[in-house]
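Values in this text are rule-based calculations from the coordinates and carry no lab data. These numbers come from a predicted model, not from an experiment. Note that we place each Cβ from the backbone using ideal geometry, even for glycine, and neighbour counts take in every protein chain shown.
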Amino acid sequence: MAVVFKMTNVVCESYNSSWYVFHNCRLKAVGRDKVVLNINETILYPVNNAQVHLKMYKRENGFKPWLLDTKIDACRFLRRRYDPFAKIVYSLFQPFTNMNHTCPYVGTQIIKGFYLKPELLLLPFPTGQYMLAIRWFFDKKLQADTNVSFLFVEDF
């Protein structure tokens with residue numbers, strides 16, 4: 001059985017550059033079947049109230065909402081992992097980031113060399129193209145979007 005689990009696109013957008021700045025947000029091919037994600041961002045003021053809205057889309061004649069949609073209190077989640085979907089997403093990128101402490105968040109936040117490992121994915125996925133949309137809210141105001149598209153193919 002062969003599994004292809006590969007990122008195909010990433011889009012990062014800040015809506016308030018006086019608070020949240022992306023310095024780098026890109027994919028880099030490091031091998032035939034391996035693409036790594038690097039994000040370097042700076043939070044300019046301390047954040048004590050952060051919410052994250054995670055939503056999964058599947059490509060079916062355009063991206064359509066698919067199965068997973070959750071909003072979490074990021075500060076509470078990092079103290080105690082209470083949301084199952086967010087737990088799966090966080091477990092995928094946690095070894096590649098410095099965003100592994102509780103609030104307040106301030107300064108440089110990095111995801112470096114992140115790649116998708118099929119063995120860490122705890123949900124069964126049908127073959128297809130997907131997009132994970134992450135919306136970042138500080139003090140209930142939308143600050144940024146991070147959208148990561150990926151391909152999942154399972155060959156039996």
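Per DSSP helix of 4 or more residues, -39500 (n - 2.57); summed, then divided by the residues of the chain. What does that give at 222 nm, rounded to the nearest 500? Estimated from H runs of four or more residues: -2500 deg cm²/dmol. Report the FRET efficiency, 1/(1 + (r/R0)^6), for Asp145 and Lys28, where r is their Cβ-Cβ distance and R0 is 30 Å, rounded to 0.05. For R0 = 30 Å, the calculated efficiency reads 0.90. The distance separating the Cα centre of the range 1-33 from that of the range 75-105 comes to 18 Å. For the range 1-139, how big is the tail of P(r) above 22 Å, as a whole percent of Cα pairs? The proportion of pairs with Cα distances above 22 Å equals 41 percent. Summing charges over neighbours of Tyr20, with a neighbour being any other residue whose Cβ is under 11 Å away from its Cβ, gives -2 when K and R count +1 and D and E count -1.
Find how much the distance from Ser17 to Tyr45 grows on full extension, using 0.36 nm per residue of separation minus their present alpha carbon separation; answer in nm with one decimal. Computed gain between Ser17 and Tyr45 is 9.0 nm. The charge dipole of the range 40-156, taken about its Cα centre with unit charges on the Cβ atoms of Lys, Arg (+1), Asp and Glu (-1) only, comes to about 340 debye. The length gained on full extension between Ile110 and Cys75, counted as 0.36 nm times the residue separation minus their Cα-Cα distance, comes to 10.9 nm.
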